[in-house]
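The values are calculated or read from the model by the stated rules, or taken from the named source; none is laboratory data. Because the structure is a prediction, the values reported are computed rather than measured. No Cβ is skipped: glycine too gets one built from the backbone with ideal geometry, and neighbour counts run over all protein chains shown. Accessible surface areas use protein heavy atoms only, side chains included; no ligands, DNA or RNA. Shrake-Rupley method; radii C 1.70, N 1.55, O 1.52, S 1.80 Å.
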Amino acid sequence: MSNSSEESNWLYTISPKRRAINLNFKEIWYYRDLLLLFVKRDVITMYKQTILGPLWYFIQPLFTSVIFTLVFNNIANIETGNGIPSFLFNLAGITSWNYFSNCLNGTSDTFKKNQGIFGKVYFPRVIMPMSTVLSNLIKFGIQLLVFVCFYVYFVFFTTTAFNTAPTLAIVWLPLVVLIMALLGLGFGMIISSMTTKYRDLSFLVGFGVQLLMYGSAVMYPLTLIQDKVNQGRLPNWVGSVIEYNPMTSVIELFRNMTLGAGSFSISKLLYASAIAVIVFLFGLVVFNKTEKQFIDTV
């Protein structure tokens, strides 16, 4: 039998020669059980040996929102606008930010964390960062439910009248979640690929993500930055960096959808979508390139 005939009977041909942008959905679907197993592992093992367990899903955003409310709203007197409760305003920003940051942090050490299993058995390597994104989606769903519960409490069970309500833009929520996932996955794959050679980056990720949060309008409205730029209290380049940060657009859109705060525009949605796709594709190219030789450098 000829080699071409033999190859036609094989299920897969494992070769280091691949396209730069390679995302074989058929192969990923074939390994879907492994993908779900990794998702289950990520969800269960993260808080398996903790006292409070899954309660940390609730505690982290709530405590962060309380601290932000005390520091930025009560002490620094940052106004949320439209009479929206400060706690609810901060909880909306943190809920959306957490999904992106968790995806980024979780995928940024894919090669280093899984070098043992990568060196022993073949499976599509991209399954690992994908499992992180999917497991964090479960956490995001839980934290979104917490946000909805507090929203109902503030609107229906408090005596103060709040000028807040979801807008019709809520129909774009799945796209906004997808943008956050692609941004986190793309940046995470880039950093993971670079840390195989430059270990210092692994120490800078957590610090860098915290700095990025302050430049993404998580704890303040974008209009505050625009006002300070117009008043000359902030340089124009600072305002531009914050305004054109794709996560700023995502968080502003999320707040507009859920609280009616800020402004919604299709141009912002398209801009964030375009940046997310570009970052993801670039991350995939770097990830696929590193996959061929990482075992020699990790």
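Overview of values
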read-out: Hits in segment 200-214 - residues which are under 21 Å from residue 92 (Cα atoms) and open to solvent by 20 Å² or more (accessible area, probe 1.4 Å); value: 210, 211, 212, 213, 214
read-out: For residue 290: the one exception among (1) more than 18 Å from the chain's Cα centre (by Cα); (2) part of a helix (DSSP H, G or I); (3) hydroxyl-bearing (Ser, Thr, Tyr); (4) surrounded by fewer than 17 Cβ atoms within 10 Å (Cβ to Cβ); value: (4)
read-out: Residue check, residue 229 without any contact (Cβ under 8 Å) to a residue 24 or more places away in the chain and among the β-branched types (Val, Ile, Thr); value: yes
read-out: When residues of segment 226-271 are limited to those that are more than 23 Å from residue 84 (Cα to Cα) and of a type in the set (Val, Ile, Thr), the one surrounded by the fewest Cβ atoms within 10 Å (Cβ to Cβ); value: 266
read-out: Any hit, segment 264-281, residues being in a loop (DSSP other than H, G, I, E, B) and either over 17 Å from the mean Cα position of the chain (by Cα) or at pLDDT 85 or above (or both); value: yes
read-out: Residue list for segment 24-47, restricted to those being open to solvent by less than 40 Å² (accessible area, probe 1.4 Å), over 16 Å from residue 117 (Cα atoms) and either charged (D, E, K, R) or at pLDDT below 70 (or both); value: 27
read-out: Residues of segment 161-189 satisfying the condition of being in a loop (DSSP other than H, G, I, E, B) and either of a type in the set (Lys, Arg) or open to solvent by 80 Å² or more (accessible area, probe 1.4 Å) (or both); value: 161, 163
